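Novice: Take this structure first; my questions come after.
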Amino acid sequence: MSPSRGDRWLAGALGLAAALAGGAIVLILAFLVIEAWPALRQVGLSRFLGDSGWLPAAGPDGNFNLVPMLAGTVAVTAGAMLLAVPAGVISAIFCRYYAPLGVSHIYRRLIEVLAGIPSVVYGFWGLVVLVPWITRFRPPGQSLLAGALILALMVLPTVALLAESALRSLPRSYFEGAAALGLGRFTTVRSLALPAAAPGIGAGCVLATARALGETMAVLMVCGNVVQVPTSFFDPIRTLTANIALEMAYATQFHRSALFVSGLALMGLVGLLISAVERLSPKPAYE
Amino acid sequence: MSASPRETLDSPQKLQDACISTEGLSVSYAKSYALRDLHLEIPRGSITALVGPSGCGKSSFLKTLNRLTDLITGCRVTGSVRLDGEDIYQSGFDVLSLRRRVGMIFQKPNPFPLSIRRNLTLPLEEHGTQDSAALAAKTEAALRDVGLWDEVKDRLDSSAMILSGGQQQRLCIARALALGPEVVLLDEPCSALDPLSSAVVEDLIASLRESYTVIIVTHNLSQARRIADQTALFWLENGAGTLIETAPTEQFFSQPQHRLTKEYVSGARG
Amino acid sequence: MNRSSVKADRTATFLCWIVAFAVTGTFFWILWDLLGHGFKGISWSFLTTQPRDAGRSGGISSVLVSTSLILGVCLGVAIPTGVGTAAFLSEWIPRKSRVGRWIRRSLDLLAAVPSIVFGLFGAVFFGEVLGFGFSILSGGLTLALMVLPILIRATEAGFRSASEELRLGGAALGLRRATILRHLLLPAASHGIVVGLVLGVGRALAETAALIFTSGYVTRMPSSLLDSGRSISVHIYDLAMNVPGGEANAYATAVVLILLLILINSLASWATQTWLGGRSLP
Ligand SMILES: Nc1ncnc2c1ncn2[C@@H]1O[C@H](COP(=O)(O)OP(=O)(O)O)[C@@H](O)[C@H]1O
Ligand SMILES: [Mg+2]
């Protein structure tokens with residue numbers, strides 16, 4: 001078919017838009033690598049993991065140990081997921097199987113609203129309500145615990161909504177079969193629904209983990225931002241993301257390049273998780 | 001490529017003025033043939049009915065005539081289709097104006113979800129009518145041609161979707177006629193309509209005979225008998241649609257030549 | 001059913017309700033706290049006066065202006081690019097083509113990029129390489145990249161929901177693909193576009209980390225797109241973290257932000273209903 005002139009123009013425009021949209025991630029990754037390169041080359045990976053501290057402003061002779069930030073990120077994410085996964089999955093089960101219809105409807109809506117609250121608002125609430133509350137038990141309050149609690153609240157909707165949709169997509173025949181065998185509700189849920197929906201629920205959890213890893217504002221506001229490997233839940237920590245947010249404003253040259261290294265590390269972690277999601281679920285990861 | 005009509009020796013009838021002629025036309029989808037080696041001539045200014053059981057390639061055949069097959073991924077057309085002697089599959093052929101010259105009406109009425117007026121003006125503007133007075137005149141003429149004008153003239157700007165099925169189908173016909181086509185293809189145009197609307201649309205189709213070359217696919221044999229000048233039977237043989245018999249309608253029904261035609265016409269098969 | 005199974009079901013029921021109560025309770029705790037402290041700070045003058053004393057007093061007018069400008073730049077770039085890409089993916093190339101697969105893949109990855117990384121990229125690419133500096137333009141463009149995947153997915157779903165009849169019917173009348181797209185498919189996909197816009201605007205309004213190093217902190221009323229401007233969520237962050245005594249205005253600003261998000265969501269569901277109800281005709 002020979003396209004008309006108008007069609008050829010449009011094809012060009014659409015192709016350009018698609019190239020821009022599809023190329024954005026390539027550009028972002030390229031810039032991360034280019035900007036991180038000076039620090040990576042002169043400092044080397046080993047010092048990012050084994051230096052005696054974090055004093056990047058001193059140039060190539062400074063200290064570049066990212067381990068406290070990595071540990072903080074992993075600890076706060078793990079803590080959050082420890083809470084959010086059970087609470088989210090139970091919320092989904094509640095919605096699908098245990099709640100009366102009206103309640104289920106309202107509860108689902110509430111979870112959607114929770115998902116829509118901006119992270120800076122969560123962070124603010126954590127700072128003015130949660131942190132003082134924790135301080136009463138164990139100062140300083142700004143801590144790994146506060147970060148994990150806030151993050152858990154933030155990613156719970158992701159877990160709950162994706163688990164709910166995984167449970168919802170199970171074929172009705174499963175449950176008819178179970179009912180015909182006289183299986184009880186709990187048995188049906190535990191032995192039938194949860195295993196069958198496991199890939200979808202797993203994908204939801206991994207996705208939520210990626211969100212928690214990448215979250216900046218909330219942890220920046222409630223975690224205290226002290227560069228140290230935490231030894232208790234009440235220790236203040238600094239995450240990779242918070243580290244970038246705090247230092248980018250005044251970082252120059254070498255210091256800045258080191259921050260891009262931490263950005264690259266973050267992107268690597270998230271990329272790993274996303275490819276795990278692709279493995280787990282046949283559908284695209286993001287709706 | 002030559003633009004002059006070519007004499008075909010292997011077609012069943014020789015017609016002095018063929019509007020459309022196909023030679024060795026085959027259509028295949030991803031895995032199988034829908035239509036194989038079809039030779040057919042459609043005389044100008046007449047109504048040709050295509051009959052036959054479902055799945056024997058009638059719709060596929062119609063879609064080759066306006067190259068709607070281009071839109072179906074995995075669909076391949078071989079052989080030739082000539083419109084006024086010109087091969088419509090030759091490279092560089094203007095498909096958009098082909099589709100203006102060869103209008104098509106579908107089984108399910110498919111007006112655009114726009115206003116009644118816009119359903120007509122959009123294609124008209126596309127094919128070069130820009131002047132608003134001309135647009136209004138052509139809109140009115142087309143709606144009068146299909147007998148819809150009096151029914152809708154006061155609500156031209158309301159949605160075409162609120163019309164009844166029969167009205168929608170007539171709007172679709174008006175939309176095609178407004179472009180001044182030479183050929184009108186109709187794919188079971190009445191089978192989604194109630195009997196009353198069906199009769200109205202059938203009368204409308206019969207009235208097209210003088211001014212257009214009409215090809216209609218129908219499952220309703222008495223409808224074919226009432227309106228068609230020429231009738232063709234398609235059948236599924238060896239997994240692909242083929243043309244069994246073409247004859248003037250009276251002869252097709254009263255003295256069918258082929259065994260399958262006899263059985264199909266008498267209702268014994270199909 | 002045996003006894004232990006009944007008992008297990010009872011325990012599960014109990015557990016479910018406990019979790020549901022805890023989540024609901026926390027939700028209302030947050031809501032109560034925000035509204036209780038924030039509502040009294042909101043007034044007409046709060047919305048229409050500029051921040052004073054680092055935001056401790058005064059209102060948020062310049063913040064609202066900057067936010068709208070950032071959002072305007074973001075949507076001005078994201079809508080054409082996003083709708084164009086969606087049209088390309090679902091209408092122009094074969095559904096399962098390799099190009100399409102790669103573009104969708106990159107968009108999935110783009111959607112997963114943490115916002116602070118967008119901030120890093122935006123600061124370097126828009127701020128330095130393209131020379132926009134700390135500006136509303138840099139911030140808006142960075143946000144545009146962030147909302148693209150959401151917008152494209154939703155718009156693509158809209159195109160897919162458009163019926164095949166439109167494409168065939170349009171082609172049978174000899175309409176150009178451009179005309180079919182513009183006049184038939186785009187209106188049919190408008191529902192998806194609206195959904196994508198709401199999600200995108202929601203994300204853009206809520207965004208903080210990507211804006212700190214792109215559009216910056218400045219509270220002055222911006223006079224051009226090349227001025228730095230503080231968005232509403234950056235304002236909340238700054239008042240809460242860096243301004244002792246800024247809490248009251250942070251509360252009020254947070255309530256304004258939430259009200260804005262609610263407003264946008266209701267606008268969208270209203271618009272969707274209007275379109276789906278078929279009341280508006282192009
Ligand atoms: N878009 C398509 N893709 C694949 N196969 C098709 C398509 N359209 C029609 N076919 C196949 O081609 C054959 C002929 O179909 P069709 O032309 O619709 O027959 P009829 O209109 O006579 O019922 C059928 O076997 C049908 O399954
Ligand atoms: Mg058919």
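Novice: When you check A:Gly72 against the structure, is it open to solvent by less than 20 Å² (accessible area, probe 1.4 Å) and either touching a strand residue (DSSP E or B) at 6+ places or on another chain (Cβ under 9 Å) or more than 14 Å from chain C (Cβ to nearest Cβ) (or both), yes or no?
Specialist: yes
Novice: If you check every pair at least six apart or on different chains, which have Cβ atoms under 8 Å apart with a residue in region C:155-180 that is within 9 Å of chain B (Cβ to nearest Cβ) and at positive phi first and a residue that is open to solvent by less than 40 Å² (accessible area, probe 1.4 Å) and of a type in the set (A, V, I, L, M, F, W, C) second?
Specialist: C:Gly174/B:Val95; C:Gly174/B:Leu96; C:Gly174/B:Leu98; C:Gly174/B:Leu179
Novice: What single numbered condition from (1) open to solvent by 60 Å² or more (accessible area, probe 1.4 Å); (2) within 13 Å of chain C (Cβ to nearest Cβ); (3) within 16 Å of ligand 1 (Cβ to nearest atom); (4) not basic (Lys, Arg) fails to hold for B:Asp157?
Specialist: (3)
Novice: It is to be established whether one or more residues within region A:121-142 are under 14 Å from A:Arg211 (Cα atoms), modelled with pLDDT of 95 or more, buried (at least 24 other Cβ atoms within 10 Å of the Cβ) and under 23 Å from the mean Cα position of the chain (by Cα).
Specialist: Scanning region A:121-142, I find no residue that is under 14 Å from A:Arg211 (Cα atoms), modelled with pLDDT of 95 or more, buried (at least 24 other Cβ atoms within 10 Å of the Cβ) and under 23 Å from the mean Cα position of the chain (by Cα), so the answer is no.
Novice: Being of a type outside the set (Lys, Arg), crowded, with 23+ Cβ neighbours inside 10 Å and within 11 Å of chain C (Cβ to nearest Cβ) is the filter here; which residues of region B:160-176 pass it?
Specialist: B:Ala160, B:Cys172, B:Ala176
Novice: Could you check region B:72-85 and list, in sequence order, the residues that are surrounded by fewer than 16 Cβ atoms within 10 Å (Cβ to Cβ) and either of a type in the set (Asp, Glu) or more than 16 Å from ligand 2 (Cβ to nearest atom) (or both)?
Specialist: B:Thr73, B:Gly74, B:Arg76, B:Thr78, B:Gly85
Novice: Moving on to the next point. Going through B:Arg117, B:Arg170 one at a time, which residue ends up being over 23 Å from the mean Cα position of the chain (by Cα), under 17 Å from C:Gly169 (Cβ atoms), away from ligand 2 (no atom under 16 Å from the Cβ) and part of a helix (DSSP H, G or I)?
Specialist: B:Arg117
Novice: Of (1) within 24 Å of C:Ser266 (Cβ to Cβ); (2) facing chain A (nearest Cβ under 10 Å), C:Ala210 satisfies all except one. Which?
Specialist: Exception for C:Ala210: condition (1).
Novice: Inspect all residues belonging to region C:78-90 and state whether any of them is open to solvent by 20 Å² or more (accessible area, probe 1.4 Å) and away from chain A (no Cβ under 14 Å).
Specialist: no
Novice: Residue under question is C:Phe125, and the condition is that it be of a type outside the set (A, V, I, L, M) and over 21 Å from the mean Cα position of the chain (by Cα); does it hold?
Specialist: Yes, satisfied.
Novice: Taking into account only those residues within region C:129-154 that are aliphatic (A, V, I, L, M) and without any contact (Cβ under 8 Å) to a residue 12 or more places away in the chain, which is farthest from the other protein chains (Cβ to nearest Cβ)?
Specialist: C:Leu130
Novice: Which one of A:Phe94, A:Phe48 is open to solvent by less than 20 Å² (accessible area, probe 1.4 Å), in contact (Cβ under 8 Å) with a residue 12 or more places away in the chain and more than 24 Å from A:Thr241 (Cβ to Cβ)?
Specialist: Result of the check over A:Phe94, A:Phe48: A:Phe94.
Novice: One residue is enough: does region A:213-227 have a residue meeting the conditions under 15 Å from A:Val76 (Cβ atoms), touching a residue at least 12 places away in the same chain (Cβ under 8 Å), more than 14 Å from chain C (Cβ to nearest Cβ) and open to solvent by 20 Å² or more (accessible area, probe 1.4 Å)?
Specialist: Checking region A:213-227: at least one residue is under 15 Å from A:Val76 (Cβ atoms), touching a residue at least 12 places away in the same chain (Cβ under 8 Å), more than 14 Å from chain C (Cβ to nearest Cβ) and open to solvent by 20 Å² or more (accessible area, probe 1.4 Å).
Novice: Of all residues being surrounded by 16 or more Cβ atoms within 10 Å (Cβ to Cβ) and part of a helix (DSSP H, G or I) in region B:126-139, which is nearest to the other protein chains (Cβ to nearest Cβ)? Just the residue, please.
Specialist: Ranking the qualifying residues of region B:126-139, first place goes to B:Glu126.
Novice: Further, regarding this structure: Can you go through B:Pro181, B:Pro189 and tell me which one is within 26 Å of C:Ile180 (Cα to Cα), within 16 Å of ligand 2 (Cβ to nearest atom) and surrounded by 18 or more Cβ atoms within 10 Å (Cβ to Cβ)?
Specialist: Going through B:Pro181, B:Pro189 in turn, the sole match is B:Pro189.
Novice: The conditions are (1) in a helix (DSSP H, G or I); (2) at pLDDT 90 or above; (3) within 30 Å of A:Thr241 (Cβ to Cβ), and C:Leu199 fails exactly one of them. Which is it?
Specialist: Here C:Leu199 meets the rest and fails (2).
Novice: Among the residues of region A:142-176, how many are assigned to a loop (DSSP other than H, G, I, E, B) and touching a residue at least 60 places away in the same chain (Cβ under 8 Å)?
Specialist: The total comes to 2.
Novice: A follow-up question, please. Could you check, for region C:61-71, whether at least one of its residues is open to solvent by 40 Å² or more (accessible area, probe 1.4 Å), touching a helix residue (DSSP H, G or I) at 6+ places or on another chain (Cβ under 9 Å) and within 10 Å of another protein chain (Cβ to nearest Cβ)?
Specialist: no
Novice: Something else about it: Answer yes or no: is there a residue in region B:83-92 that is within 16 Å of ligand 1 (Cβ to nearest atom), touching a residue at least 60 places away in the same chain (Cβ under 8 Å) and over 17 Å from the mean Cα position of the chain (by Cα).
Specialist: Looking through region B:83-92, none of the residues is within 16 Å of ligand 1 (Cβ to nearest atom), touching a residue at least 60 places away in the same chain (Cβ under 8 Å) and over 17 Å from the mean Cα position of the chain (by Cα).
Matching residues to (1) away from ligand 1 (no atom under 16 Å from the Cβ); (2) open to solvent by 50 Å² or more (accessible area, probe 1.4 Å); (3) under 19 Å from B:Val183 (Cα atoms); (4) without any contact (Cβ under 8 Å) to a residue 60 or more places away in the chain:
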residue: B:Ser97; (1), (2), (3), (4): yes, no, yes, yes
residue: B:Gly103; (1), (2), (3), (4): yes, no, yes, no
residue: B:Lys108; (1), (2), (3), (4): no, yes, no, no
residue: B:Ile116; (1), (2), (3), (4): yes, no, no, yes
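Novice: So is C:Leu166 part of a helix (DSSP H, G or I), open to solvent by 10 Å² or more (accessible area, probe 1.4 Å) and farther than 21 Å from A:Leu259 by Cβ or not?
Specialist: So C:Leu166 passes the test.
Novice: Just to check your reading of the model, which residue among B:Met104, B:Met161 is within 16 Å of ligand 2 (Cβ to nearest atom) and under 16 Å from C:Leu166 (Cα atoms)?
Specialist: Unique residue meeting the criteria: B:Met104.
Novice: Go through (1) away from chain A (no Cβ under 11 Å); (2) of a type in the set (Phe, Trp, Tyr); (3) closer than 30 Å to A:Arg108 by Cβ and name the single condition C:Trp32 misses.
Specialist: That leaves (1) as the condition not met.
Novice: If the requirement is being more than 27 Å from C:Leu186 (Cβ to Cβ) and either assigned by TED's automatic domain parsing to the domain that holds C:Thr85 or of a type in the set (Asp, Glu) (or both), which of these qualifies: C:Gly140, C:Gly131?
Specialist: C:Gly131
Novice: Quick one: which of C:Ser266, C:Ser228 is surrounded by fewer than 24 Cβ atoms within 10 Å (Cβ to Cβ) and either modelled with pLDDT of 90 or more or not in a helix (DSSP H, G or I) (or both)?
Specialist: Only one candidate passes the filter, namely C:Ser228.
Novice: Still on this model: Quick one: count up the residues across region B:53-71 that are within 9 Å of ligand 2 (Cβ to nearest atom) and open to solvent by 20 Å² or more (accessible area, probe 1.4 Å).
Specialist: Within region B:53-71, residues that are within 9 Å of ligand 2 (Cβ to nearest atom) and open to solvent by 20 Å² or more (accessible area, probe 1.4 Å) number 3.
The values are calculated or read from the model by the stated rules, or taken from the named source; none is laboratory data. Keep in mind the model is a prediction, meaning the values are calculated, not measured. Here the Cβ is made from the backbone with ideal geometry for all residues, glycine too, and neighbour counts use every protein chain on show. Just the protein is used for accessible areas: all its heavy atoms, side chains included, with ligands, DNA and RNA removed. Shrake-Rupley method; radii C 1.70, N 1.55, O 1.52, S 1.80 Å.
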